[in-house]
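The values are calculated or read from the model by the stated rules, or taken from the named source; none is laboratory data. Owing to the predicted nature of the structure, the values given are computational and were not obtained by experimental measurement. Note that we place each Cβ from the backbone using ideal geometry, even for glycine, and neighbour counts take in every protein chain shown.
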Amino acid sequence: MIVKRRIFPLRIKVNDAVQRRLPVNHPKLPEVIQDSLKARAGHKGEEALDYYTSLLHQDEFHIFQGLRLNSGQAYFQMDSLLLSPSFALIIEAKNMAGTLTFNSSFNQMERTFNDKTDTYEDPILQAKRHRLLLQKWLKLHHFPQLPIEYIVFSSNPSTSLRNPFNDQEIYQRVCPPGKIIFKIEEFISKYKKEILSLREQKNLSKLLLKSDVLPGSHLHQFKIAPSDYLTGVQCPSCFQYAMERYGGTWNCPHCGTTSKDAHKQAIEDYFLLISDTITNKQFRIFLHIHSPKLATKLLASMDLECHGAARRSCYYTPQ
């Protein structure tokens, strides 16, 4: 049973908004594009993992996708957590093309792709760290100490996995796509004793879901000044920021495209890039609207919360 479904990453939404709003010659744009490619590859790997875990029997596990907890010392996010009355399983997904070489002596992993080699932290070490933090979280909330297993899921079937030192832990913990279901079945066969009653499992699942903490925006890492972003309403066809509102419709003077709701993307970009709240005046400045009455009408047509009245009204996205 899927208790928590994966949501589309905020990181990708922010990166997309930055790429839409930065001038093509902005010096930060290559950095944002690179971050976006990495984030999208990671999300694709997580979605592949979700497909395989969906093949499990619905009654075997409570499944949490992208669960982020606070251990009392640090936040940690698990790509997937599978919870049964007998054990828990942490799965970390990696979606990397090329050749992955594991060096357990230094807890490193090398990725060779297109004649370039990069070094990363060993994902097995990351999974172990998450196991330790989950153990602390369970202790902090007075739950029995379940056996906690961990595996690394390599989602790309064309990736070559190398274990030059024949480390048995790597053979046991790193799973290509075709192996993961059978590996989970091994754990099911290994752990027969129920540590949690069905009621305890249900209570633990409720608390895990309640304790999930959404990650914040990473936008500050790019150090982009808000004044660098292009303002206006973008045409969905020619992508120029020049649409004008008249006759109840947005009209592009460059290509003639019309749209009833082109302003929705603009306001989403504002919330992602500028602030989580917006006033009528800020709305008019960002969208190049002159009429306060029109701005009020457009803001009222969207699914936004509103605090204050008249000129002091402030709008924000409902949580």
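Observations
- When residues of region 89-105 are limited to those that are out of contact with any helix residue (DSSP H, G or I) (no Cβ under 7 Å at 6 or more places or on another chain) and part of a strand (DSSP E or B), the one nearest to Pro215 (Cα to Cα): Leu100
- Residues (of a type in the set (Lys, Arg) and either in contact with a Phe, Trp or Tyr (Cβ under 9 Å, 6 or more places away or on another chain) or more than 20 Å from Asp269 (Cα to Cα) (or both)) located in region 19-55: Arg20, Arg21, Lys28, Lys38, Lys44
- Members of region 54-87 that are farther than 16 Å from Ile151 by Cα, of a type in the set (S, T, N, Q) and not in a loop (DSSP other than H, G, I, E, B): Asn70
Residue by residue, here is whether (1) of a type in the set (Val, Ile, Thr); (2) in contact with a Lys or Arg (Cβ under 9 Å, 6 or more places away or on another chain); (3) on the phi < 0 side of the Ramachandran plot holds:
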| residue | (1), (2), (3) |
| --- | --- |
| Gln108 | no, no, yes |
| Arg111 | no, no, yes |
| Glu121 | no, no, yes |
| His130 | no, no, yes |
| His142 | no, no, no |
| Glu149 | no, yes, yes |
| Val152 | yes, yes, yes |
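- Residue in region 21-31 that is of a type outside the set (Phe, Trp, Tyr), surrounded by 17 or more Cβ atoms within 10 Å (Cβ to Cβ) and within 19 Å of Ser211 (Cα to Cα) present: no
- Condition check for Gly232: more than 26 Å from the chain's Cα centre (by Cα), at pLDDT below 95, within 18 Å of Leu294 (Cβ to Cβ) and not aromatic (Phe, Trp, Tyr): no
- If the condition is being in contact with a Lys or Arg (Cβ under 6 Å, 6 or more places away or on another chain) and among the aromatic types (Phe, Trp, Tyr), then region 223-250 contributes only Tyr229.
- Residues satisfying the stated conditions in region 139-186, i.e. part of a helix (DSSP H, G or I), out of contact with any strand residue (DSSP E or B) (no Cβ under 8 Å at 6 or more places or on another chain) and either in contact (Cβ under 8 Å) with a residue 24 or more places away in the chain or among the small types (Gly, Ala, Ser) (or both): Leu140, Glu169, Gly178, Ile181
- Of all the numbered requirements in (1) in contact with a strand residue (DSSP E or B) (Cβ under 7 Å, 6 or more places away or on another chain); (2) surrounded by fewer than 21 Cβ atoms within 10 Å (Cβ to Cβ); (3) acidic (Asp, Glu), Asp59 misses one, and that requirement is (1).
- Contact map, region 79-92: first residue at pLDDT below 95, second residue crowded, with 24+ Cβ neighbours inside 10 Å, Cβ cut-off under 7 Å, separation 6 or more or different chains; the map is empty.
- Condition check for Leu49: within 14 Å of Leu82 (Cβ to Cβ) and part of a helix (DSSP H, G or I): yes
- Residue in region 219-226 that is in contact with a helix residue (DSSP H, G or I) (Cβ under 9 Å, 6 or more places away or on another chain) and either hydroxyl-bearing (Ser, Thr, Tyr) or more than 22 Å from Leu22 (Cβ to Cβ) (or both) present: no
- Within region 101-130, considering residues that are surrounded by 14 or more Cβ atoms within 10 Å (Cβ to Cβ) and of a type in the set (Ser, Thr, Tyr), the one farthest from Ile148 (Cα to Cα): Thr112
Here is a yes/no grid of residues against (1) assigned by TED's automatic domain parsing to the domain that holds Arg11; (2) polar (S, T, N, Q); (3) at pLDDT 95 or above; (4) surrounded by fewer than 16 Cβ atoms within 10 Å (Cβ to Cβ):
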| residue | (1), (2), (3), (4) |
| --- | --- |
| Met243 | no, no, yes, no |
| Trp250 | no, no, yes, no |
| Pro253 | no, no, yes, yes |
| Leu272 | no, no, yes, no |
| Gln282 | no, yes, yes, no |
| Leu287 | no, no, yes, no |
